[in-house]
Each structure stands twice: as structure tokens, then as C-alpha cells.
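Read the structure below first, then the notes.
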Amino acid sequence: MNDPKDPIGGLLRSYYQSIQRDAPVSLSAAVERSLRNAPAEGAGLTPRRLFGPVLGFAAVAAVAFAIVALVLGGLTPGPTARPTEAGGLTAPASASPTTSPTQTIVPSSGCSIVPSAGQGCGPTAGETPGETTEPSPPSPTPTYPVTSGTLIRLGDMNPALTGPAVFLNNATILVAGGLVTGGNRVRTRTDKAEIFVEGGANSHTFQPTGPMTQPRYLHTLTLLGDGRVLVVGGADMSDGSGNLASAEIYDPSTGKFTATGSMSVGRAEHIATLIPGAAGDKVLVAGGYGGGTLPLASAELYDVTSGTFSPTGSMTTPRQRQTATLLDSGLVLITGGIDDYSHVLASAELYDPKTGIFRATGSMTTPREWHTATLLGDGRVLVTGGIGADQSTPLASAEIYDPVTGKFTPTGSMKVARSQHTAAWVQGSLIQGVAVVGGDPGNSLEVFDPTTGTFRYFQNLLGPTSAAATMGGDRLVLTGQPAQMYCSWPAAFSPCQ
């Protein structure tokens, strides 16, 4: 009860009793309860009556607040505690992570060798050196740590060819032609070819196979439906004849190259794309530069059955160093390159095999030459790197072409700018995506994840690479010195061994 002769002391006693009896209440609630129980004539407050209680107020208040602190001490700042049915308190449903000024940042398992915005080995936005945050729970999706996958040395090639490579249907990688470096350090064109056979007696080395009918570089290799390989064009200036119109076929069953029909014009830095068809397979050969220095707009078709070339429609723009990608619709997407004014192109076009006509489609967001274009599993096309409009600077940017809308949109950038590189789809237990390999100056490999639109894996290579060919979807054979195999599986379960 409140004492009318000592109202302040009574107020504090009421507050103290409420603390002992019930859950902690606020001081304002105690005041309200005290005033509600006080008699109306409690106005008998005089200075003399108040003098003693006021002197003791500090000591009593200190005791009261100490008791409140003991009761509330188990609660941390954050969400309000929820009362239980028994009248007690429960802890908040969630609490914010705490920080300590004496610890350092610890990279997560997905830390990349080369840091990028919001992802890397250093502090991200909102963090400062000398702080640490509680680790995030494991992600249900792959995080592509640097240790994912296996890189195997396949030994030296002899000679070290710089020509294109292709995976054959009999588990064999073929690399043919290009430039070789002689004992006097002079790089010359070559007719040499080598193969890598998976599971053979010398499965970790390249072995020589039959030579091409003539030296070539800046030519194309195209795997045909019957397992043979079509070799088209290229440059051979050794006899002053300019670029090559000739073509030849490699038969893996014999290990030999034999001549086939010739094109109407010599080409180098062109494209060659297999177009399967019910009436017989064709290979589209388009653009490149001819005997002079100007890019070509013309195109022709190689008939696999007859072994001959015939003209088809011309591209809307002369191009060399462009890309060609067969879409799920049967159309062929042509992107970028340089034109006959040496301008780096952002434009793109589509070839329709049914009509033999090229038509324009949406342009890339960035002009590119020496870039790559890779078909994704959902039918879109990933375009990476290359040389930009200044004709000298490699690009790290990437973009995606959507055949439904006919438009290109930017996506995540590579960790390393590169041109004259290669790209291929890989699919293993930890990594599924497009592996972008080597190039100038990138002596490294990274993988694009289509589900996130980012390059989430990075690994330095054992040495420079010239070309890459996919084996079975989960392995890449990289030509160069040394030759290497990248397997998109962890080492402990690697099918590469």
C-alpha cells in the first residue's frame, strides 16, 4: 500500500515489490500503479515531508535499477523479447551477427585467386579491416572453390603446334598445323599433326599422326558427322601464293590426310560450321580474308557427300576474325570481327540454311574481334573477351545472345581480360559451365556459371595454351607446351587419372 505520509517512498516500494512478484515492468508502469492506488488526499505533501524521502531517493533508486539489471541482463539488444504463456520471456527469434575488433577477415571456401567485386579474398562492401563476420551457412549449390577440378600435365608436344584442335568420336584429340618454332627461334608454318588418345598405352602424351597435304595456319578444323575432320583454307605465304583455297580430310581410322574439293577463293581467319541436314551434312565457310588484306563477305557450302564446294548467299558485312555458332533452331549466328575498313564490329547476323540468306540481328553491346561464342544448354550464346574497338586492348567483358529476342545483354565479366582464347562446355561433379581458356595474355582458366551469370572459378595453368578441345563434356585437353588436361571433378574422384 502507498503511504500518504511518504508518497515517493511508497512509489519506490511499489515498484520494487512489482519486480519481485512479476516480470520486470517499466518505471512508468510503477508510477502509474502507485498513483492509481494512492488516496485522493495524498496532497498532504509538504516540503518538510518530502525532504527526508528525497535524500534517500538516490540510494533506493540505485537498488531498484540494480535489480532490474539483474533481471534483464540475459537479454541482448535486438528484436523485442516475446512473453510466454507462463508470463516469462523468451529470447528473440533471431539476432544479428556480432563483430570483434581483434580478429581478421577469413576468406570463405569460395574465395577466388583474383578478387572481384563482392567476391574474392579481401573485404567486401560494408566491411573494414580488423573485423570478422560469422560464416554463412553452406550453400546448396556449387561454390566453385579454387581447389575444384584437376589439372594434369600431359607432357610436351613434339613439335608444339599452335593450330586448332578438335575432339574426334573415337576419344581422340587431333591438333593440326599452325606455327612451330625452329632451332633459330624463327616461327614457320607446318604440315605436322598430332593426336592424343585417351586410355592408350601413352595416354598422357601426344603422338604424331600423318601430316597434312600442305602447311597451314589460321585454318579451320571441323568434325564431320561420320567422325572425319574437314581442314579448310589457311595461310601459306612461303611460296608467295597467298591464302589457301584448298581443303583436305583427316580419317582417324587410317591416320592420313587426303585432298578434297577446293573453295572458290583462298581464305584465312574465316569460320567453318557443320550444319547437319536430312539431305546430307553441309559445312558453312564464310568470311575471312583472301589473297589480299581485305575481309570477305562471300560464303560457300561444302557438301560432305560429294566433297565439293558451292557458293551460297553473302554476309551483310565483310568479316574476318568473327565467330559462328549453330543455334538450336538450325540458324547460324555470326558475331563481330573486323570489316574491310579495319573497324572492329559489334554487329551480328544470322544464316538460314533453308534459304541460303544472311540477315542482320541485334548488335553486341561491345565491338569484338578474336572473341569466342559458345552455345549454352538453354539455347542462348555466351560471348567472351576479344579485342575491343581500339584494336589493341583485350576485353574482360562478356554478354549473352538470346535467340528468342534477337538481343545481346551484358553478363558478368571474366576475372582476366583475354583475346584469341578458346571456350568449351564442361560438366563435372563440381563445375558445370563454359570453361574459358588461355589466350593473350591470360595464362589461366575460368568457368562461367549460366545459373548465376558470373565467372566463379579461376585457376592458373601450367603454361601457355594454343587450343582446347572437350572430351566427354567433363575434360578439356589443352594444347601447348606443356600439353595439359583439365578435369572438372575433384582430384579424389577424378575420371582423368
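The values are calculated or read from the model by the stated rules, or taken from the named source; none is laboratory data. Being a predicted model, the structure only gives us computed values, none of them experimental. FYI the Cβ positions are ideal-geometry reconstructions off the backbone, even for glycines, and counts take in every protein chain you see.
Assorted remarks:
- Consider segment 386-405 and keep the residues that are in contact with a Ser or Thr (Cβ under 6 Å, 6 or more places away or on another chain) and not in a loop (DSSP other than H, G, I, E, B). The one that is surrounded by the fewest Cβ atoms within 10 Å (Cβ to Cβ) is Ile400.
- A search for C-beta distances below 7 Å between a residue of segment 468-484 that is on the phi > 0 side of the Ramachandran plot and in contact (Cβ under 8 Å) with a residue 40 or more places away in the chain and any residue that is crowded, with 20+ Cβ neighbours inside 10 Å and of a type outside the set (Phe, Trp, Tyr), counting only pairs 6+ apart in sequence or on different chains, returns Gly473/Val426; Gly480/Ala160; Gly480/Thr465; Gly480/Ser466.
- Set side by side, the residues Val416, Val383 differ, and just one is among the β-branched types (Val, Ile, Thr), outside any strand (DSSP E or B) and either in contact with a strand residue (DSSP E or B) (Cβ under 9 Å, 6 or more places away or on another chain) or farther than 23 Å from Pro450 by Cα (or both), which is Val416.
- Some residue of segment 206-216 being in contact (Cβ under 8 Å) with a residue 60 or more places away in the chain and either closer than 18 Å to Ala467 by Cα or in contact with a strand residue (DSSP E or B) (Cβ under 9 Å, 6 or more places away or on another chain) (or both): yes
- Taken over segment 319-364, the criterion of being surrounded by 15 or more Cβ atoms within 10 Å (Cβ to Cβ) and of a type in the set (Phe, Trp, Tyr) is satisfied by Tyr351, Phe358.
- Look at (1) at pLDDT 95 or above; (2) within 22 Å of Thr323 (Cβ to Cβ) and you find that Glu248 fails only one, number (2).
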